[in-house]
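Here the structure is laid out as structure tokens; the discussion comes afterwards.
What follows is calculated from the coordinates using simple rules that are stated; it is not laboratory data. Everything numeric here is computed off the predicted structure, so don't read it as measured data. FYI the Cβ positions are ideal-geometry reconstructions off the backbone, even for glycines, and counts take in every protein chain you see.
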Amino acid sequence: MANEAYAIRRAQRDDVDQLLAMIRELAEYERLADRVVGDSDRLERALFELGAAEALIAEVEGEAVGYAIYFTTFSTFLCWPGIWCEDIFVRPQWRGSGIGRALFATVAGVAAERGYERLDWVVLEWNETAIAFYEGLGAGHLSDWQTMRLDGERLRRVAAEAPAIPSP
């Protein structure tokens, strides 16, 4: 998706430093900067070696001004894949220019092109601007669901209880 002012493209390896810089900017905005512990090497490996996620870059005259990171999920109820959008971010000076909507539409387009049935994400409860943006797209709240997480030492503690799974 492109117009005269911006272009959306798939991220490449040489975008990793810019991606990480924008991830840090998003974390600052979300008041979560202390939680960014990843580095460029880890991000590059996750995106381009493991294929754990995919990324899009929004550019204006060759300058990265936004990004989206997403990955495949699976719905047991649908018995079909979907996409989880981990991040949509546009640098403040470019907000309101249509870039966020273009990034989101591109992620939705990937889901539709692949025949996936849904696109999911979370938004911070206090981020009224983002909530209004998503509602403007027609997104609905899943008020019956709460996001849960195991990470770090808690994850490793539970993982230590796992029985051995025989190789196929």
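Qualifying chymotrypsin sites (Phe, Trp or Tyr not before Pro) in region 123-168, where qualification requires a DSSP coil assignment and no more than 15 other C-beta atoms within 10 Å, comprise W126, W145. Along the axis of the charge dipole computed for region 7-140 (Cβ charges of +1 for Lys and Arg, -1 for Asp and Glu, origin at the Cα centre), the listed residues Y116, W94, I8 are led at the positive end by Y116. Computed extension gain for E161 through N127, at 0.36 nm per residue and net of the alpha carbon distance, reaches 8.5 nm. Computing mean projected area of the Cα convex hull in nm² for the structure here picks out one of (1) 10.4; (2) 12.3; (3) 13.5, namely (2).
Since only A160, L19, G38 are under comparison, the one whose Cα sits farthest along the positive direction of the charge dipole of the chain, derived from C-beta charges on Lys, Arg, Asp and Glu, is A160.
Please sort 9-21, 148-160 by packing, taking for each peptide the average over its residues of neighbouring beta carbons within 10 angstrom, highest first. Could you put the intermediate results ahead of the total?
On the way: 9-21: 15.3, 148-160: 8.8.
The peptides rank, most packed first, as 9-21, 148-160.
With n ≥ 4 as the cut-off for DSSP H runs, can you work out [θ] at 222 nm for the chain, using -39500 (n - 2.57) per run divided by the number of residues, rounded to the nearest 500? Intermediate results must be reported in sequence, preceding the final value.
Working: 5 runs with 51 residues, N = 168.
Calculated at 222 nm, the ellipticity per residue is -9000 deg cm²/dmol.
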